[in-house]
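*Asks:* This is the structure, below, for whatever I ask next.
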Amino acid sequence: MNYTLREIYDNTLPEYLNEFLNYLGTIKGKSPNTIKGYKWDLTMFFRFLKLYKGYVESNVDFDKIPIDDIDKAFIRKIKLSDLYAFISFAENYRNNGNYARARKVASLKSFFKYLFGKAKILEENPASELESPKINKRNPVYLTLDESKRLLSSIDGQAKERDYCIITLFLNCGLRLSELCSIDISRIKGDTLTIIGKGNKERTVYLNKACLKSIESYVPIRNKKYDKIHIGDKDALFISKNNRRISKRSVELLVKKYLEKAGLDKEKYTPHKLRHTAATLMYKYGNVDIRSLQKILGHENVSTTQIYTHVDDESLRKAVSLNPLSEE
């Protein structure tokens, strides 16, 4: 992903924060959403520090505290205790849960690692000993096989071929929402699809019979309005009613619509839960090993994929019933 200075630079931020965000985009290849998350966390951090250290009045509007005046001297005075004070502030005054605070810890560690190792403005890294809050691993929320079939059966309407194709790819390929919206027709070759995933990394997705059939049913209908498609979106697979590449919000809404039609909880299940569903069904019914599933989902670390090794209650019940002493 290519970035321009204008896309990343913000003159309301400290100089070294702008340089860090630029480094994330141009050197590390982080996505715009990831950079936005770092920017949000570190902006809050610097506003907190100015308030915490008495640089502004205590009754000031927190979200309007200026931070563009923070310089090298200010940054060099930051200590580990300041970082923990910020994490405490995020919990007690901003109602951040464990996940949100863990993300802030990751932002701080990455930022100060950059200042120490790359920018070389620090003689020691105050975040090197910063610990992240413990996060209890949760089993993924997913649709059962029967619920998945009900969802697919609920699809109808003017855009049914497109919508059926979208849901089919979610449930069979385990795509992220952004990955699905970014699919280009030119990237489909036979039974393979090349996508740009998280971290700007390219990976190959293999299309099964259901995926190929749904694409073959949808593409001719899409192509009938090819001349109306916006010039910049001619290669997009999924087109909105406005003849543009379909947006993430549009997909979220259509998923909710069909969940409701299928009698499923539209608040509980999201496009990301459909990704969980695909991964769970592959692991449960396809005898897919954890390393293969990692590649299919595009996870950087296998530890992320291991949430899909959960065993459902029915499997546990069956395992106990098979104990040779169960009939005694």
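The values are calculated or read from the model by the stated rules, or taken from the named source; none is laboratory data. These numbers come from a predicted model, not from an experiment. Note: ideal-geometry Cβ built from the backbone for every residue, glycine included; neighbour counts use all protein chains shown.
*Asks:* Looking at (1) over 30 Å from Y283 (Cα atoms); (2) in contact with a helix residue (DSSP H, G or I) (Cβ under 6 Å, 6 or more places away or on another chain); (3) among the β-branched types (V, I, T), which is the one condition that is false for I78?
*Replies:* Against the list (1) over 30 Å from Y283 (Cα atoms); (2) in contact with a helix residue (DSSP H, G or I) (Cβ under 6 Å, 6 or more places away or on another chain); (3) among the β-branched types (V, I, T), I78 comes up short only on (2).
*Asks:* Working carefully through the options I166, I155, find the one that is assigned to a helix (DSSP H, G or I), at negative phi and out of contact with any Gly (no Cβ under 6 Å at 6 or more places or on another chain).
*Replies:* The match here is I166.
*Asks:* Tally up the residues in the stretch 54-99 that are of a type in the set (K, R), part of a loop (DSSP other than H, G, I, E, B) and farther than 19 Å from E124 by Cα, please.
*Replies:* The qualifying residues number 1.
*Asks:* Still on this model: Here are the criteria: (1) under 18 Å from the mean Cα position of the chain (by Cα); (2) buried (at least 18 other Cβ atoms within 10 Å of the Cβ). Tell me which single one F111 does not satisfy.
*Replies:* Condition (1) is where F111 drops out.
*Asks:* Provide a single number: the residues in the stretch 185-218 that are surrounded by 15 or more Cβ atoms within 10 Å (Cβ to Cβ) and under 24 Å from I27 (Cβ atoms).
*Replies:* 5
*Asks:* Give the stretch 1-31 a look and list any residue that's at pLDDT 85 or above, part of a helix (DSSP H, G or I) and not aromatic (F, W, Y), or say none.
*Replies:* Once the filter is applied, which keeps residues that are at pLDDT 85 or above, part of a helix (DSSP H, G or I) and not aromatic (F, W, Y), the stretch 1-31 yields E15, L17, N18, E19, L21, N22, L24, G25, T26.
*Asks:* Does G263 meet the test of being touching a residue at least 12 places away in the same chain (Cβ under 8 Å), farther than 30 Å from L24 by Cβ and either assigned by TED's automatic domain parsing to the domain that holds T277 or in a loop (DSSP other than H, G, I, E, B) (or both)?
*Replies:* Yes: the conditions hold for G263.
*Asks:* Look through L171, L175 and report the one residue that is in the same structural domain as E260 (by TED's automatic domain parsing) and not in a loop (DSSP other than H, G, I, E, B).
*Replies:* Sole residue among the options that is in the same structural domain as E260 (by TED's automatic domain parsing) and not in a loop (DSSP other than H, G, I, E, B): L171.
*Asks:* Follow-up question, since we're still on this one. Failed condition for A102, given (1) part of a helix (DSSP H, G or I); (2) loosely packed, with under 11 Cβ neighbours inside 10 Å, with all others met?
*Replies:* (2)
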